[in-house]
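The values are calculated or read from the model by the stated rules, or taken from the named source; none is laboratory data. Since the structure is predicted, the reported quantities are computational estimates derived from the model, not experimental observations. In this analysis, Cβ positions are derived from the backbone assuming ideal geometry, glycine residues included, and neighbour counts consider all displayed protein chains. For the accessible areas, the whole protein counts, side chains as well, though only heavy atoms, and no ligand, DNA or RNA atoms are used. Shrake-Rupley method; radii C 1.70, N 1.55, O 1.52, S 1.80 Å.
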Amino acid sequence: MTTSTSTDSLLKQPRAVWAVAFASVIAFMGIGLVDPILKPIGEQLDASPSQVSLLFTSYMLVTGIAMLITGVVSSRFGPKRTLLVGLAIIVVFAALAGTSGSVGEIIGFRAGWGLGNALFIATALSTIVGAASGGVARAIILYEAALGIGIATGPLVGGVLGGFSWRGPFFGVAALMAVAFILLIVMLPDTPKPAHTTSILDPFRALRHRGLLTVGITALLYNYGFFTLLAYTPFPLDMGTYSIGFIFFGWGLCLAVASVFIAPKLQRAFGTLNMMMLALLLFAVDLAVMAMFTENKTVLVVGTVVAGLFLGVNNTLITETVMISAPVERSTASAAYSFVRFTGGAAAPYLAGKLGESNMHVPFWVGAACTALAIVALATGRKVLAHVDDHEPAPHSIDEARAVTVGD
């Protein structure tokens, strides 16, 4: 009876919360949505793997740069306007991507999509927390659920819609985001602006702290492996859109479960830094195995899905470390970390595709090596990050949810 009552209370939320949660699901779909259609785009638009992989590069590069201005925009215009602007940008550029006649056009429109996604994602968490009833913890559970559903179902939706045409996923996102835009206009009340504004220079000042810089460099290096897996693996797999969609659905499901449920438990049992290093080591080994047996599709499928577990654990813990690695506001630390992580890792999809055109094994070897270097980078800053293991956020706290968001 208690469980039923608790569930009913969790689900009894204002319409505004459900509107933002729905939009969050669609926004996080964008992470893996294009995986199943990378190969069809290359075949139908006569583009090489490295050219098609630039869809990820442009998206991440702009997302990383845009993270520097999300705080500035939100603090001046308020959360609701920031959310709506982000959604509107996604609708426009996703639809334009669907009408593209060349890979170059898609690459450019994906860059615009990245700007909209950065504005929306950076604001959605605080909006749900502010509008939800039943306490912060329940609001966070809803947000984490939306995030997990979006990450897991993105590749699946991309595979299903991509089975009709590679343009399908782009038009599908545009239509769903347009619905979310209308829902937010109608259901979300105006939200007050933050008490103080932020500066675009704040994230750069934050990087002066060695702890934050160390974690940023660590993330930049393992991000190379992360996006090698995401952007390059569909090419050696050489399967149809449905198959790729289901494979990366498994990857996304493992990543979401590990981020929200497994990472906090392992953190409390073994410590934050120890678990980060172990997760990075296991991911590096996973990529090395995929490098050795790239011709074996079974190995690639299993390696891709299992990688979601390692990435989910590491993403959550490393971003939580960011939040407390320097004596600056958490939003500022998050922006600085995201800037380094995404802009630095943006080259990975293109380089992996380029290397793979000469030798299909090399991209995974390079990804494994960069991930191993991430362990070394983290180890060099272990002394300045020693305080991280003394910090233990409460389950379903705002810090934990923010860590999951920025990590993923």
>> Contact order normalised by length for the chain, with contacts defined as Cα pairs under 8 Å and 6 or more residues apart; what percent is it?
In response: 26
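Between L281 and I182, what's the calculated FRET efficiency when r is the beta-carbon distance and R0 is 60 Å? Round to 0.05.
Numbers: r = 47 Å, r/R0 = 0.78.
Between L281 and I182 the formula returns 0.80.
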> What nm value, rounded to one decimal, do you get for the distance between T99 and S243 when each label is placed 7 Å out toward the C-beta?
Replying inline: 3.5
> Which whole number in µm²/s is D for region 8-121 by Stokes-Einstein, with the Kirkwood Rh taken over Cα pairs at 20 °C and 1.002 mPa s?
Replying inline: 141
>> Less than 28 Å apart at the alpha-carbon level, and either on another chain or at least 8 residues along: which lysines does that give for K354?
In response: K39, K297
> Ignoring ligands, DNA and RNA, what percent of the accessible area of the chain is carbon or sulfur (1.4 Å)?
Replying inline: 69
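What are the membrane-span-like helices in the chain by this rule: whole DSSP H runs, Cα extent along the axis at least 20 Å, mean Kyte-Doolittle hydropathy at least 1.0?
On the way: long enough: 15-29 (21 Å, 1.83); 49-77 (41 Å, 1.19); 79-98 (29 Å, 1.76); 103-131 (40 Å, 1.22); 136-162 (38 Å, 1.51); 168-187 (28 Å, 2.50); 210-232 (33 Å, 1.11); 241-257 (24 Å, 1.68); 272-292 (30 Å, 2.05); 297-324 (41 Å, 1.46); 330-345 (22 Å, 0.02); 362-380 (27 Å, 1.92).
Going by DSSP H runs, the hits are 15-29, 49-77, 79-98, 103-131, 136-162, 168-187, 210-232, 241-257, 272-292, 297-324, 362-380.
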>> Take H361 and A145, extend 7 Å from each Cα along the Cα→Cβ direction, and tell me the distance between the two endpoints in nm.
In response: 4.7
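Arrange the peptides 156-165, 309-318 so that the one whose residues have, on average, the most other Cβ atoms within 10 Å appears first. Walk me through the numbers on the way to the answer.
On the way: 156-165: 21.2, 309-318: 27.2.
Output ranking for 156-165, 309-318: 309-318, 156-165.
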> So if we plug the beta-carbon distance of T380 and L201 into 1/(1 + (r/R0)^6) with R0 = 22 Å, what FRET efficiency do we get, rounded to 0.05?
Replying inline: 0.25
> In whole Å, what is the distance between the alpha-carbon centres of region 225-248 and region 32-75?
Replying inline: 15
> What distance in nm separates the simple spin-label points at H387 and K297, each placed 7 Å from Cα in the Cβ direction?
Replying inline: 5.3
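Roll a 1.4 Å probe over the protein chains and send me the accessible area per residue for region 192-274 in Å².
On the way: 3440 Å² over 83 residues.
Value returned for region 192-274: 41 Å² of accessible area per residue.
How big, on average over all directions, is the shadow cast by the Cα convex hull of region 268-335, in nm²?
For region 268-335, the mean projected area of the Cα convex hull comes to 5.6 nm².
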>> On the principal axes of its Cα set, how long, how wide and how thick is the chain? Give whole Å, largest value first.
In response: 54, 50, 50
> Out of region 243-344, which trypsin sites (Lys or Arg not before Pro) are coil in DSSP terms and have no more than 15 other C-beta atoms within 10 Å?
Replying inline: none
> For S165 and V72 in one chain, what is 0.36 nm times their gap in residues minus the Cα-Cα distance, to one decimal in nm?
Replying inline: 29.6 nm
